[in-house]
């Protein structure tokens with residue numbers, strides 16, 4: 001059973017470490033409250049209004065489509081780097097299949113009028 | 001160049017899914033019938049391609065990402081077959097409730113492809129990508145009754161719980177990778193057997209095991225990680241509930257065998273105990289919670305939690321006999337649960353409620369449906385001459401022969417507890433007066449699906465021999 005004792009020690013250490021640190025710094029530090037310190041950007045632009053506004057749901061889907069193609073670009077980089085070491089015809093074919101799948105998604109989104117901003 | 005023959009069924013499923021997305025935006029392609037037919041044909045094609053894929057090689061293929069063996073082939077057949085029956089039996093529900101059919105079936109096919117990869121995974125990467133493909137599609141499917149609060153709630157709860165489960169699982173797997181230095185499941189087993197980080201006696205492997213089991217426990221809805229299941233099963237469209245309880249759960253159980261019993265095989269003293277406790281807890285919590293349920297989908301949700309508990313007992317045994325019992329039980333569970341949800345689909349497909357009250361007097365309204373649901377309930381209970389009985393018998397045999405008699409006792413006591421609510425279903429249908437005399441109609445496909453499920457329950461119960469041989473073959477895989 002020493003194994004499970006280790007586990008308990010691991011758990012206790014995990015909980016104690018952050019708690020002790022937070023409490024300790026609370027004890028040691030000096031406290032000068034200032035409304036300026038509560039501002040989101042202490043040395044930046046003065047915030048206007050509340051951050052909790054309602055975004056248009058459209059923005060979310062738009063961002064999602066962007067993300068898909070962003071990541072696609074990311075995946076094509078390693079492929080391009082090792083391209084010369086691969087069988088060119090096969091490697092090209094595989095990339096085409098990969099892009100074709102994303103194109104289906106784009107066509108779907110396009111036809112669903114995701115790309116038209118209302 | 002890689003040979004992709006081994007994953008032809010999954011390629012077919014992915015292609016079908018993309019085709020459905022294009023169909024969704026093609027002029028006139030939004031008819032529910034066309035989408036259902038495309039999905040059914042794709043699944044049938046995947047099933048037809050399975051023998052070719054299974055014979056494409058033996059052992060690790062595609063750079064070790066996929067393992068071709070009897071176990072994987074068995075699960076792929078079960079998963080694709082279950083999805084096919086769900087599509088056929090659920091077609092009327094999808095059309096009648098006005099779900100967005102092409103997208104619904106596209107997500108469903110993608111989910112099955114992911115589930116398949118979990119069953120054949122030879123590497124942590126392919127396992128995890130399969131799991132996420134299945135999970136992300138399932139979250140969407142659970143919320144497909146757009147505008148219905150319970151469905152939205154189901155999707156959100158499923159997503160949040162699933163995301164936490166994925167995080168736990170990934171953390172566990174990252175520890176495993178850290179100590180084994182490889183993502184290949186066979187490589188991990190070899191590293192652990194070779195004593196990496198203290199091997200079976202080490203602390204880090206034990207911590208990793210706890211996280212992996214917790215993550216996978218969420219996916220199979222094992223207690224105490226089952227709390228999402230009743231709400232999701234109740235709120236999701238009924239075909240999706242059937243799909244989740246069969247495909248999602250089946251794939252996760254296969255993954256437990258692949259990742260825990262094989263990949264972390266050298267830690268078997270640890271996971272055997274952990275799985276046994278998880279199993280005993282799951283079946284007890286599932287059965288006891290089911291006693292209070294008023295909604296049939298919720299009742300079946302708790303019942304399926306309990307059944308996952310029974311299956312986990314077979315995995316906990318960790319022998320070939322235990323694995324055989326697991327495979328047989330999953331096959332039996334497939335037929336009886338599919339049947340039970342099929343009858344609920346017939347009710348809710350024509351806009352009726354899904355509570356126990358709504359079942360009252362079903363025997364007089366639709367004698368056939370009532371008789372079938374009674375058969376499925378008796379099989380879920382595990383009465384002789386049904387598939388459920390043979391499954392429980394095998395689990396008994398496996399647990400007792402491995403000197404885990406206490407686990408066998410848990411199965412026996414839990415069968416007794418479950419008798420109450422399965423007989424409650426039967427009592428409602430046969431001994432309570434009906435509120436209306438209108439018959440509940442099942443369309444031709446649903447009737448065919450119910451007939452297949454009933455035939456499966458009886459065949460497995462009365463002539464289990466040929467199925468036993470099949471599950472014996474499938475169980476032949478490297479166990480520690």
Percent of Cα-Cα pairs per 10 Å bin, from 0 to the last occupied bin, for region B:78-128, please list those. 23, 44, 23, 9, 0
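Any chance you could tell me what percent of the C-alpha pair distances in region B:131-260 go past 26 Å?
In whole percent, the long-distance tail amounts to 29.
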How big, on average over all directions, is the shadow cast by the Cα convex hull of region B:113-192, in nm²? 5.3 nm²
Relative contact order for chain B, counting Cα pairs under 8 Å that sit 6 or more residues apart, in percent: 15 percent
Once you have the alpha carbon radius of gyration of region A:57-111, what is it after dividing by 2.2 N^0.38 Å, with N set to its residue count? 1.35
Taking only C-alpha positions in the protein assembly as shown, Rg and Dmax in angstrom work out to 25.5, 81
The exposure ranking of B:238, B:405, B:133, B:284, fewest beta-carbon neighbours within 10 Å first, is B:405, B:284, B:133, B:238
Inter-label distance, nm, simple model (7 Å from Cα along the C-beta direction), residue B:430/residue A:6: 5.7 nm
Taking Cα atoms, how many degrees apart are the long axis of helix B:149-180 and the longest axis of chain B, rounded to 10 and kept between 0 and 90? 10 degrees
Considering just Cα atoms, how many Å³ per residue does the convex hull of chain B enclose? 126 Å³
If you wrap region B:40-93's Cα atoms in a convex hull and average its projection over all directions, what's the area in nm²? 4.0 nm²
Kindly provide the helix-only [θ] at 222 nm of chain A, computed as the sum of -39,500 (n - 2.57) over DSSP H runs of four or more divided by all residues, to the nearest 500 deg cm²/dmol? -23000 deg cm²/dmol
Return one number: the angle in degrees, 0 to 90 and rounded to the nearest 10, between the long axis of the Cα atoms of helix B:8-25 and the longest principal axis of the Cα atoms of chain B. 50 degrees
Pairwise label distance in nanometres, residue B:400 with residue A:70, each label 7 Å out on the Cα-Cβ vector: 6.1 nm
Which residues among region A:38-77 fall inside the zone where the amide N is under 14 Å from a point 7 Å beyond the Cα of residue A:113, along Cα→Cβ? A:58
C-alpha long axis of helix B:387-401 to longest principal axis of chain B, angle in °: 30 degrees
Listing B:462, B:7 by rising number of other beta-carbon atoms within 10 angstrom, fewest first, gives B:462, B:7
Which FRET efficiency value, to the nearest 0.05, is calculated for residue B:393 and residue B:5 with the Förster distance at 30 angstrom and r the Cβ-Cβ distance? 0.20
Taking the beta-carbon count within 10 Å as an exposure proxy, list B:268, B:55, B:403 from fewest neighbours to most. B:403, B:55, B:268
Give me log10 I(q)/I(0) at q = 0.18, 0.20, 0.23 Å⁻¹ for chain A, Debye formula, one equal scatterer per alpha-carbon, no solvent. -0.98, -1.13, -1.30
Sum of -39500 (n - 2.57) over DSSP H runs of 4+, divided by residues of chain B (222 nm, nearest 500): -25000 deg cm²/dmol
Give the Debye-formula value of log10 I(q)/I(0) at each listed q (0.20 Å⁻¹), with one equal scatterer per alpha carbon of region B:196-259, two decimals each. -0.80
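Throughout, read-outs are computed from the coordinates displayed, never taken from laboratory work. Fair warning: this is a prediction, and the values are worked out from it, not measured in the lab. All Cβ positions, even for glycine, are placed from backbone atoms using ideal geometry, and neighbour counts span all protein chains on display.
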